[in-house]
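Peer 1: The structure is given below, and queries will be raised subsequently.
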Amino acid sequence: MGARRLNSDRNAGFSTRREDGRTILDPRGDWTVETIGAFDGAVHEVEETVDPGDIVIDLTGLERIDTAGAYLLGRALRRCDDPDSDRHFLGEHRTARRLVREVRERTKPTPPPESGRAGVIDVLARIGEGMENFWDEVVDTFAFFGRMVTTAAASAIRPLRLRWTATVYLMETVGVNALPIIAVLAFFIGAVVAYIGANLLETFGASVFTVELVGIAVLREFGVVITAIMLAGRSDSAFTAAIGSMKMQQEIDAMKVIGLDPYEVLVLPRVIACIVMAPLLTFAAMLSGIFGGMMVSWSALDISPSFFILRMQDTLDWTHFMVGLSKAPVFGLVVAIIGCRQGMKVGGDVESLGSRVTASVVQSIFAVIVIDALFAMMYLELDI
């Protein structure tokens, strides 16, 4: 084969020759990103026309080489069975062999990921892994709760250490700012319950019992559950994002360095805000839900608002109201603890922050539903 050359100050190019049954590729001059473009195609032609196992690179005439030139030489050996073997090189160069091997190592094609198996063993393994992760989350949550309790006890002994300004601000953020969306949502929930009750009970001629249905459903369950779910989706995610951002920027580490307790500064005010504001938001949700049911009863069943209120007073007692309201502080506590704990678990990257925010919302809603079911069973056993 004839020599391929590139006219340059360094006489960059290459030639090929046959020697002892092998094809010798003889690069000359500088093989850098500025020069290799002129003979890239010619090198590729050599790759395709000779037996790949016979190619040998003679480094004697090579002067300067960078990663682009090393990639071109490594590409010439890509079809060899052992491209990194010394038998494919002649002569010595201070960096060429090492650079060619490193570039080849960095440019190896990534194998496709193995497809997941769906065997029984793999399914059981995934279930076991999920249960282990769930148990770890439960243990971490209780450990976080214990740390928060000790911090609260210390603050109760020295109440002036509590960040009252931050606590009041968080009460406004958690409670006052969330009041409109919770009231609107509870209004429509009460309206939906009334519509369902009207359609069902009217069939039996008992449409008047829609009042009891709306009252019991909203007072005992929907008012407090809707409030807790909105806290989980709105405030919980904000807690995780705020604390997680501080964790990413090492602000929490800075607090520890200057002698501040992050649990006292960041966690406790948020927990207090949720515990205090959850019952107030629940009360507002109850009023709004009953009002929504009353409006639907008035329009669909011709039950006047005055009769609706009198019927509730005659048939419902304060037990249903107290049952629903008693759940609110517990839900507020759980939501705040989960949100703050997930914020404290954020790593140093944005991906960790996003996954923790998602986990805090999902875990909070799950915990609210489970605890509400436990409350229902407890009150059933107590006949309340």
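Peer 1: Which residue out of A367, A359, A376 is in a helix (DSSP H, G or I), within 26 Å of H320 (Cβ to Cβ), touching a Lys or Arg at 6+ places or on another chain (Cβ under 9 Å) and in the same structural domain as F283 (by the TED database)?
Peer 2: On the way: A367 fails: touching a Lys or Arg at 6+ places or on another chain (Cβ under 9 Å); A359 fails: within 26 Å of H320 (Cβ to Cβ).
When all the criteria are applied, what remains is A376.
Peer 1: Can you find even one residue in the stretch 237-255 that is on the phi > 0 side of the Ramachandran plot and under 29 Å from the mean Cα position of the chain (by Cα)? Please lay out each step first, then the result.
Peer 2: Residues of the stretch 237-255 that are on the phi > 0 side of the Ramachandran plot, as a first pass: 250.
The next check asks that each one be under 29 Å from the mean Cα position of the chain (by Cα); those that pass are 250.
Looking for residues that are on the phi > 0 side of the Ramachandran plot and under 29 Å from the mean Cα position of the chain (by Cα), one finds at least one in the stretch 237-255, hence yes.
Peer 1: Restricting to the stretch 308-328, count the residues that are outside any loop (DSSP other than H, G, I, E, B) and surrounded by fewer than 16 Cβ atoms within 10 Å (Cβ to Cβ). Break it down stepwise before answering.
Peer 2: First, pick out the residues of the stretch 308-328 that are outside any loop (DSSP other than H, G, I, E, B): 308-315, 318-328.
After this cut, where a residue has to be surrounded by fewer than 16 Cβ atoms within 10 Å (Cβ to Cβ) as well, the list is 309-310, 313-315, 318-319, 322, 326.
Final tally of qualifying residues: 9.
Peer 1: While we're looking at this one, here's another question. Among the numbered criteria (1) within 36 Å of the chain's Cα centre (by Cα); (2) part of a helix (DSSP H, G or I), which one does M295 miss?
Peer 2: (1)
Peer 1: If you don't mind, another one. Report the residue count in the stretch 175-223 for those that are closer than 30 Å to I275 by Cβ, part of a helix (DSSP H, G or I) and touching a helix residue (DSSP H, G or I) at 6+ places or on another chain (Cβ under 9 Å). Talk me through it step by step, then tell me what you get.
Peer 2: In the first step, residues of the stretch 175-223 are kept if they are closer than 30 Å to I275 by Cβ; the result is 175-193, 214-223.
Okay, now just the ones that are also part of a helix (DSSP H, G or I), so 175-176, 179-193, 214-223.
Those still in the list that are touching a helix residue (DSSP H, G or I) at 6+ places or on another chain (Cβ under 9 Å) too: 175-176, 179, 181-193, 214-223.
Count: 26.
Peer 1: Could you say which residue among R79, R147, R106, R94 is under 32 Å from the mean Cα position of the chain (by Cα) and modelled with pLDDT under 80? Talk me through it step by step, then tell me what you get.
Peer 2: Details: R79 fails: under 32 Å from the mean Cα position of the chain (by Cα); R147 fails: modelled with pLDDT under 80; R94 fails: under 32 Å from the mean Cα position of the chain (by Cα).
Residue meeting the stated conditions: R106.
Peer 1: Take A166 and decide whether it is out of contact with any Ser or Thr (no Cβ under 8 Å at 6 or more places or on another chain), assigned to a helix (DSSP H, G or I) and loosely packed, with under 15 Cβ neighbours inside 10 Å.
Peer 2: No.
Peer 1: Out of the residues in the stretch 339-369 that are surrounded by fewer than 15 Cβ atoms within 10 Å (Cβ to Cβ) and more than 13 Å from E137 (Cβ to Cβ), state the one that is farthest from the chain's Cα centre (by Cα).
Peer 2: Top of the filtered list is I369.
Peer 1: If you don't mind, another one. If you scan the stretch 17-67, which residues turn out to be surrounded by fewer than 19 Cβ atoms within 10 Å (Cβ to Cβ) and polar (S, T, N, Q)?
Peer 2: If the condition is that a residue be surrounded by fewer than 19 Cβ atoms within 10 Å (Cβ to Cβ) and polar (S, T, N, Q), then T32, T49, T60, T67 are the ones that fit.
The values are calculated or read from the model by the stated rules, or taken from the named source; none is laboratory data. Keep in mind the model is a prediction, meaning the values are calculated, not measured. Neighbour counts are summed over all protein chains in view; Cβ atoms, including those assigned to glycine, are modelled from backbone coordinates with ideal geometry.
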